[in-house]
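The values are calculated or read from the model by the stated rules, or taken from the named source; none is laboratory data. Just so it is clear, the structure is predicted and the values come from calculations on it, not from any experiment. Using ideal geometry, Cβ is built from the backbone for each residue, glycine included, and neighbour counts are taken over all protein chains shown.
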Amino acid sequence: MKRILITGAAGSIGSELVRQLYKDNKLYLYDINEMGLHELITDLKVPGRVGDIRNRDTLRNTFDDFKPEVVFHAAAYKSVDMMEYVPEEAISTNVNGTLNVLHFSKIYGVKNFVYISTDKVVNAKSVMGKTKSLGETMTVNSGKWYVVVRFGNVMGSRWSLLGIWERQINEGRPITITDPKMMRYFMTIPEAVNLVLQATKIGKGGEVICFEMGKPVRILEIAEEIIKKLGRDIPIEVIGNRGGEVLEERLMTEEEKKIAIKQGNFWIIK
């Protein structure tokens, strides 16, 4: 049984981590989302604290009270287009907040640290991608047992593509896509969490670990397949790219591909 701190514990990935780990470990949940956190604490009877990773005093108290052995750092701003309008907020949370979590993890002797990243850091053009890239760099340079996990779009996560389309269909509106040529990697929440958990076993420190996600999928094809299965006449509306978006995302840069080592279903970049 390990003492595990999960930041962003009420998010899509964080809450799935909680549900998979709480029976066999001693968890402490940390999130600024008070209602989501309250729901988890009430349902699973695990302790937690409402707090912002930007608040060093609250973080210090959390580490001092709980003294975690393992930290899963999932707290972040993740919306590409919204962060284009408030880059200062993205920097404050994704960079400064991550630096705070890393700082106290090292001070309190955390044995395993896993930073949860995104394929949007690869050749990043968006503010969000660039701030998450800085988080990766800070993590892999923090020492032994500090690792990064990087994966593509998570189906079923909050405000994911399928969730948006479901709301649009239920409201009788067209399905919207930004560009017919846009392609993305997709994985399920359990697949993403499996990657995060495996990272604590195969990562020795200073690595970026990517899940083998096969080939990217054209979003237009997904929309057409959903409409076909529903057997309904649902229009598709092209609304144009949002700020910071690219047509095709990649899991690794060309330089990373040259040094990445395949291990089972994972690519390890050291």
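Looking only at strands (runs of 3 or more DSSP E) that fall completely inside segment 188-269, which ones have 2 or more residues that are surrounded by fewer than 18 Cβ atoms within 10 Å (Cβ to Cβ) and among the charged types (D, E, K, R)?
No strands (runs of 3 or more DSSP E) qualify here.
Go through segment 1-25 and give me each residue that's acidic (Asp, Glu) and either touching a His at 6+ places or on another chain (Cβ under 8 Å) or without any contact (Cβ under 8 Å) to a residue 24 or more places away in the chain (or both).
Scanning segment 1-25 gives a single hit, 24.
Closer than 30 Å to residue 100 by Cβ and under 22 Å from the mean Cα position of the chain (by Cα): is that true of residue 217 in this structure?
Criteria not met by residue 217.
Condition check ((1) within 19 Å of the chain's Cα centre (by Cα); (2) within 24 Å of residue 176 (Cβ to Cβ); (3) at pLDDT below 85) across all residues:
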{"position": "193", "(1), (2), (3)": "yes, no, no"}
{"position": "208", "(1), (2), (3)": "yes, no, no"}
{"position": "222", "(1), (2), (3)": "no, yes, yes"}
{"position": "227", "(1), (2), (3)": "no, yes, no"}
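Only one of (1) under 24 Å from residue 5 (Cα atoms); (2) surrounded by fewer than 17 Cβ atoms within 10 Å (Cβ to Cβ); (3) of a type in the set (Ser, Thr, Tyr) is not met by residue 176, so which one is it?
Among (1) under 24 Å from residue 5 (Cα atoms); (2) surrounded by fewer than 17 Cβ atoms within 10 Å (Cβ to Cβ); (3) of a type in the set (Ser, Thr, Tyr), residue 176 violates only (1).
Mind checking which residues of segment 1-20 are of a type in the set (Gly, Ala, Ser) and in a loop (DSSP other than H, G, I, E, B)?
Within segment 1-20, 8, 9, 10, 11 qualify.
Looking only at segment 45-82, which residues are at pLDDT below 95, crowded, with 18+ Cβ neighbours inside 10 Å and assigned to a helix (DSSP H, G or I)?
Matches in segment 45-82: 80 only.
So which residues in segment 9-61 are farther than 21 Å from residue 189 by Cα, out of contact with any Ser or Thr (no Cβ under 8 Å at 6 or more places or on another chain) and among the charged types (D, E, K, R), if there are any at all?
Passing the criteria: 26, 34, 45, 56, 57, 60.
For residue 23, work out the one condition from (1) more than 22 Å from residue 55 (Cβ to Cβ); (2) part of a strand (DSSP E or B) it doesn't fulfil.
So the condition that residue 23 fails would be (2).
Considering segment 1-40 alone, what residues qualify as being crowded, with 24+ Cβ neighbours inside 10 Å, touching a helix residue (DSSP H, G or I) at 6+ places or on another chain (Cβ under 8 Å) and not hydrophobic (A, V, I, L, M, F, W, C)?
Hits for segment 1-40 are 7, 8, 15, 30, 31.
Output the residues belonging to segment 88-144 that are acidic (Asp, Glu) and either in a strand (DSSP E or B) or touching a residue at least 24 places away in the same chain (Cβ under 8 Å) (or both).
119, 136
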